[in-house]
Each structure stands twice: as C-alpha cells, then as structure tokens.
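S.K.: To start, I am sharing the structure in question, which I have written as structure tokens.
Taken together, the values in this text are just the output of simple stated rules run on the coordinates, not laboratory data. Just so it is clear, the model here is predicted, and its values are computed rather than measured. We place every Cβ from the backbone using ideal geometry, glycine too, and count neighbours over all the protein chains shown.
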Amino acid sequence: MRRVRSLLLLALAVLAPAFMATASMAEPSGPQPLSDEELSGLRGGFITTNGFTFGFGVVIRSYVDNKLALQTQLTWTPKGAVTEQIRGDVPGVTDLASAMTSLLNNGIDLRGITGTSGGVALVDGNGATALIHNVTSGQLQNLIVNSANNRNLRQDMELNLYLPDLAAMQSASSAQQRAAQITYDLNTTLVGALGR
C-alpha cells in the first residue's frame with residue numbers, strides 16, 4: 001500500500017508540470033501589441049483583448065400619434081460608424097433647423113442644444129413638439145420636448161450586439177476553466193498526500 005502511494009505521488013509530481021505547461025500554453029503571458037498592418041484592418045470596429053470581434057448597432061424611433069416621425073440608425077462598419085436618418089410620414093413634420101423660430105414662438109427654446117444628430121418638429125394648432133436624436137460623441141440619446149395637447153408621443157431605442165465568435169469565446173472559456181480545475185485537483189491531491 002505504501003509503495004502504491006509513493007508511485008502515485010511520483011506520477012503526480014511528474015505529470016503536474018505537464019498539465020501546468022498545457023494550461024499556461026492556452027493563455028498567453030500577456031497582451032501582445034498589434035502590428036500597424038493588423039491595426040489598419042481594425043480601425044472603426046471593435047476588438048476585445050482576446051481577439052474576439054463584435055458588432056454594435058442602434059436604432060432610435062420616435063412616433064407621433066402612432067406614426068413614425070423620425071428614425072436614426074447607427075451601425076459600426078469596418079470603416080467606422082455610419083449614421084442614417086429617415087423622416088417618417090407624419091403630416092406637418094419638418095426638420096428641426098427650419099422649425100426653430102416656430103418652436104420658440106410656442107414656448108420651446110432649443111438654442112442651447114448643440115451637437116445632435118438631428119431631429120424633427122411638429123408645430124400646429126395643438127402646440128409644438130420637438131423630437132431629437134443624438135448618436136454622436138459616444139452618446140445614445142432620444143429627447144422629446146413638447147408643449148402640445150392631445151398628442152400621443154413615443155420613443156424607443158433598439159440596441160443590437162452581434163457576437164460572431166460567441167461559440168469560440170465559450171469554448172476558450174471552457175478550456176481555461178478545465179485547465180484551472182485540473183491544476184486545483186492536482187494541488188489538492190499533492191497537499192493531501194503529503195499530509196498523510
């Protein structure tokens with residue numbers, strides 16, 4: 001029995017460094033800098049520290065009386081962020097810039113708001129409404145400024161995250177967990193065997 005325990009300890013002592021080397025090969029010793037060539041292909045997109053890429057997009061929609069008044073879509077492409085804005089078919093809606101005087105006359109002062117992606121306004125007998133979307137400067141905002149009565153207003157924001165390498169990320173994470181568990185089991189067994 002004593003001889004079997006000694007052989008087991010010897011086998012563990014010999015195999016432990018091999019398992020440790022395998023676990024350390026799975027993880028690089030630290031982040032490696034990318035070459036200029038690699039960086040040029042990544043500009044405008046996302047890359048995580050482990051090399052897994054993902055895509056991001058957002059769609060902001062504003063509705064007046066259940067009709068689409070304004071939609072702004074931001075999509076990350078290999079060449080950077082692309083923003084597209086579509087004005088809906090709500091009667092009387094105009095672009096925000098041309099409606100500033102009418103809005104001000106109806107109690108809505110937007111002169112201090114700058115740097116937005118754009119917006120629309122509706123000024124009629126019920127009052128004034130401004131719908132503003134901002135997807136610039138690292139911000140995602142939608143804003144309603146309203147002085148009108150009897151107007152049904154709604155905004156929604158849809159965020160999309162695309163993970164093309166999700167299966168690979170899950171597999172790498174699982175392999176790292178298995179290597180850590182093997183290391184833990186070996187250490188526990190060695191410490192337990194030495195204490196006997």
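S.K.: Could you calculate the FRET efficiency of Leu190 with Gln170 from 1/(1 + (r/R0)^6), where r is the beta carbon distance between them and R0 is 25 Å, rounded to 0.05?
M.R.: On the way: r = 31 Å, r/R0 = 1.23.
For R0 = 25 Å, the calculated efficiency reads 0.20.
S.K.: If each residue of separation counts as 0.36 nm, what is the full-extension length gain between Asp124 and Thr136 once their alpha-carbon separation is subtracted? Write out the running numbers ahead of the final one.
M.R.: Details: separation 12, 0.36 × 12 = 4.32 nm, distance 2.96 nm.
Contour length minus the Cα-Cα distance gives 1.4 nm.
S.K.: Using a simple spin-label model with points 7 Å from Cα along the Cα→Cβ vector, what separation in nm is obtained for Ser147 and Ser98?
M.R.: About 2.1 nm, to one decimal.
S.K.: Quote to one decimal, in nm, the extra length available between Arg154 and Gln71 on full extension: 0.36 nm per residue of separation minus the C-alpha distance between them.
M.R.: 28.7 nm
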